Each structure stands twice: as structure tokens, then as C-alpha cells.
Amino acid sequence: MNQSASLTSIWLVRSRFFFIFLLFSFYSSFSDLQKVHTFEKDWLIYNAKWKTFLPYIAKKHFNYHSKSILIRPEDNYSNAFLKIQPKSSYYLFLNGAFQLELSKDSVYVFTIDSLKKSHANSPNLVLTFFQDNLVGLPADVSIQRELGSRNISKFSNLKSIGRITRLKSTFISISMFLILILIAVLQYIFPKYFYSYYRYSDWIRWRSKHHTIPNKPFSFPNLFVIIILSLMTSFVGFYNLISDSDFLITQGDDLKFWSTSWYVISRTFLAMFLFSSRYFIYQLFTSLFKIEYVTKFHFFKSIQTNIQFISLVYCSLVLSTLFFGPSFVPNFRGFSLLVYFYFFVRIFYFFRIFKNKFNVNSVTLGAYLVFIEGQVLLFGLYQILFPNLD
């Protein structure tokens with residue numbers, strides 16, 4: 001296929017469901033294009049008998065198989081962008097030459113200067129939309145300006161990231177399927193562990209039931225929970241990575257199924273190591289602070305709070321994607337501050353719940369928690385969640 005224009009296709013999938021409340025709200029980091037002209041009244045149809053274009057009249061041309069838009073040299077559209085939002089799937093022709101098939105629920109952005117440069121021999125640019133059953137106007141087409149300088153360079157690349165956003169949709173589907181299967185297995189085979197780890201009421205009641213679970217830190221059910229937590233953590237990190245527009249443009253063509261799978265798997269094993277090794281770190285420092293009896297319970301609460309928090313984050317990202325479409329991009333900096341806030345709050349939560357459970361000196365416990373929880377992000381979790389941030 002001969003592509004004659006720089007374009008970016010952002011795959012938009014609108015949710016059919018209304019989500020009453022999102023637990024976390026993030027904002028798109030994409031700069032908006034400012035609309036300066038629409039083509040609502042500029043549509044044309046080609047008259048084969050007269051071999052010319054005529055203005056589109058809805059009563060006469062509603063069922064015509066092709067409709068066109070004309071961009072003339074005198075139109076001052078330098079440094080501007082042509083934005084197309086198809087209402088269905090159409091074939092796009094530029095000056096009579098086939099360009100690509102436009103997909104429904106997508107957004108295509110072309111650089112006007114690149115369009116003109118690639119067709120310098122023709123005074124006009126004629127974009128034609130064709131479909132066998134085309135009725136009415138095929139798309140919302142407009143001229144856009146004032147794109148952020150960071151994104152201008154992206155649109156100047158002759159490549160489409162529509163495949164990448166489809167990858168994002170596929171990733172969401174596969175990750176949801178895997179997570180739901182694993183959680184269902186946990187709930188069915190190990191219901192006591194499922195309800196212990198997902199008991200959010202512990203944050204309010206300041207206590208914990210099922211005291212036998214913390215005493216078996218590396219029993220199979222606990223390891224199974226760590227696997228779920230690690231996989232979900234790597235999914236969140238990969239979601240953030242493929243949501244980064246810079247990454248999509250620079251690495252998009254290299255993203256294949258096996259390379260992305262290996263990335264998720266390797267990050268999952270890294271997360272498993274980090275989460276599991278925390279037990280030995282707790283064991284070391286509780287012995288230094290002479291509170292060895294806290295070790296197992298601290299490890300249990302660490303895994304419990306982590307899987308609760310990461311589950312909320314993962315669900316929020318998935319719901320946001322379903323509602324706003326795969327073009328949704330989290331505010332990475334705000335997201336990272338949220339993670340820091342979580343660990344900050346967790347220190348006070350641990351202090352309160354440990355005091356209720358153990359007879360431990362407050363100063364010793366406070367010093368231990370500030371030290372051990374304060375450096376938790378230095379052990380790689382931050383890098384897994386935010387691989388796109390410095």
C-alpha cells in the first residue's frame with residue numbers, strides 16, 4: 001500500500017457500559033488539537049458525465065458511494081493537521097490513488113504539508129471516501145492547529161500507531177482473562193486466603209483474622225497470591241509503557257507478540273523476587289530492632305496491602321481504557337505520586353495494626369517502619385510500575 005501522508009491512527013473503543021465511579025482518575029497527557037475549520041458544508045460528489053466535482057446535496061446525493069473533500073493551494077493550512085473521524089469503515093483515496101482503509105471508531109491525523117509535498121504535481125488535494133453502502137456523510141473532517149511541540153514530531157513520522165493501540169486493546173483483554181482466571185482459582189481452591197488478602201475492611205477495623213496464614217509465608221497458597229500480585233504488577237507497568245506516546249512512536253514497529261510476552265514474563269519474575277525477598281529483609285531488620293515476632297505478620301500485611309492497592313490500580317486503568325478508549329493515557333507523574341502516597345499511608349496503617357496485635361515499644365516500632373517502609377521503592381517496584389519514567 002502506497003502511503004503518501006504522515007499519519008497517526010489512534011484506536012478508540014467506546015464502552016457500551018456506564019461506569020458510575022472510577023476509583024482513580026487520571027488525565028490524558030496528549031495535547032489537544034485546536035479545531036480551526038470543519039468541512040460540514042464543503043463535501044463534494046464527482047459527476048462522471050461532466051467530469052467535475054459538484055457540491056453535495058443531501059436530497060440528491062445521500063446514497064452516493066463516494067464523497068470527497070477538496071483542499072486548494074490558496075487555503076492557508078500550513079503547519080496544520082487534517083483530522084478524520086470515520087463514522088464507519090471506508091476506503092480513502094487521495095487524488096484518485098488508494099491510500100488505506102479507514103476503520104470505524106478510529107481517529108486519523110494527517111499533516112497538511114506532507115500531503116501537499118507528496119502530491120506537489122497536483123494543484124489540489126482531493127480526499128475521497130468510498131464504500132459500497134455509503135449513506136450520508138462518511139466522516140467528521142476538520143483542520144486542526146496548535147498541537148503541542150512534543151507531539152508535532154510524532155505526527156511527522158510516516159507511520160501509524162493504530163496497530164499499537166489495537167495491541168493495547170488485545171493486551172487488556174488477555175490480561176483481564178488471565179487475572180480473572182487466577183483469582184477465580186484462588187477463590188475456589190483457597191477461599192480462606194482469598195478473603196484474607198482481599199479483606200479491605202482491615203484498613204478500617206485495624207485488625208486481621210486468620211492468624212495461621214501469616215505463620216506460613218511460603219506455603220503454596222501464599223506463593224500463588226504472590227504470583228497473582230506479581231503478574232498484575234507487571235501488567236500495570238506494561239500498560240503504562242504502551243500508553244507512553246514517545247515509546248509507541250520509537251518502539252512501535254518492534255512490538256511483537258513474543259517480545260511483549262517476554263517483557264511481561266520477565267517483569268513478573270522480577271516482581272516475584274522483589275515481593276518474596278521482602279520476607280528475608282524483614283527478618284534481618286526485625287532481628288536488628290529486637291522485634292523478630294513481627295516478621296511473618298509484616299510480610300503478610302505487606303502482600304495483602306500490595307495486592308489490594310495494585311488490584312485497585314489495575315481495575316481503574318482497565319475501566320478507564322474501556323470508557324475512554326485505548327487512546328487514554330494516565331498522568332504518569334500524578335500516578336507515581338499516588339504510589340508514594342500509598343506507601344506513606346501504609347506506614348501509619350502498619351504502626352496502628354502492629355500496636356494492636358503486638359506488645360511492642362512505640363518508638364522502636366516507629367523507627368523500624370520508617371526505615372523499612374521508607375526504602376521500599378528502592379527495591380525495583382517503582383521501576384516495574386513506571387518503566388517509562390526516569
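Quick notes on this one:
- Considered as a group, the residues in region 238-252 that are farther than 12 Å from residue 171 by Cβ and not polar (S, T, N, Q) include one that is modelled with the lowest pLDDT, and that residue is 252.
- Scan of region 100-128 for residues that are at pLDDT 80 or above, in a strand (DSSP E or B) and closer than 14 Å to residue 71 by Cβ, ordered by number: 125, 126, 127, 128
- Residue within region 15-36 that is assigned to a strand (DSSP E or B), at pLDDT 50 or above and surrounded by 14 or more Cβ atoms within 10 Å (Cβ to Cβ) present: yes
- Scan of region 81-99 for residues that are of a type in the set (Lys, Arg) and not in a loop (DSSP other than H, G, I, E, B), ordered by number: 83
- Residues that are surrounded by fewer than 18 Cβ atoms within 10 Å (Cβ to Cβ), at pLDDT below 90 and on the phi > 0 side of the Ramachandran plot do occur in region 141-156, at least one of them.
- Residue in region 67-77 that is in a strand (DSSP E or B) and without any contact (Cβ under 8 Å) to a residue 60 or more places away in the chain present: yes
- All of 276, 320, 302 fail the test of being in a helix (DSSP H, G or I), surrounded by 15 or more Cβ atoms within 10 Å (Cβ to Cβ) and in contact (Cβ under 8 Å) with a residue 60 or more places away in the chain, apart from 320.
- Residue match in region 253-261 (condition: of a type in the set (A, V, I, L, M), at pLDDT 90 or above and assigned by TED's automatic domain parsing to the domain that holds residue 373): no
- Among (1) in contact with a Ser or Thr (Cβ under 7 Å, 6 or more places away or on another chain); (2) at pLDDT 85 or above - the single one residue 57 does not satisfy: (1)
- Among the residues listed as 115, 70, 102, the single one being crowded, with 17+ Cβ neighbours inside 10 Å and within 18 Å of residue 140 (Cα to Cα): 102
- Any hit, region 57-72, residues being assigned by TED's automatic domain parsing to the domain that holds residue 135 and closer than 28 Å to residue 319 by Cβ: no
- Conditions (1) at pLDDT 85 or above; (2) surrounded by fewer than 12 Cβ atoms within 10 Å (Cβ to Cβ); (3) within 27 Å of residue 238 (Cα to Cα); (4) not small (Gly, Ala, Ser); number of the one not met by residue 346: (2)
- Selection within region 71-81 - within 22 Å of residue 53 (Cα to Cα) and touching a helix residue (DSSP H, G or I) at 6+ places or on another chain (Cβ under 6 Å): 77
- Test result for residue 309, aromatic (Phe, Trp, Tyr) and modelled with pLDDT of 85 or more: yes
- Matching residues in region 118-132 - criterion: being of a type outside the set (Gly, Ala, Ser) and either buried (at least 18 other Cβ atoms within 10 Å of the Cβ) or touching a residue at least 60 places away in the same chain (Cβ under 8 Å) (or both): 119, 125, 126, 127, 128, 129, 130, 131, 132
The values are calculated or read from the model by the stated rules, or taken from the named source; none is laboratory data. What you see is a predicted model, and the numbers here were worked out from it, not measured in a lab. Using ideal geometry, Cβ is built from the backbone for each residue, glycine included, and neighbour counts are taken over all protein chains shown.
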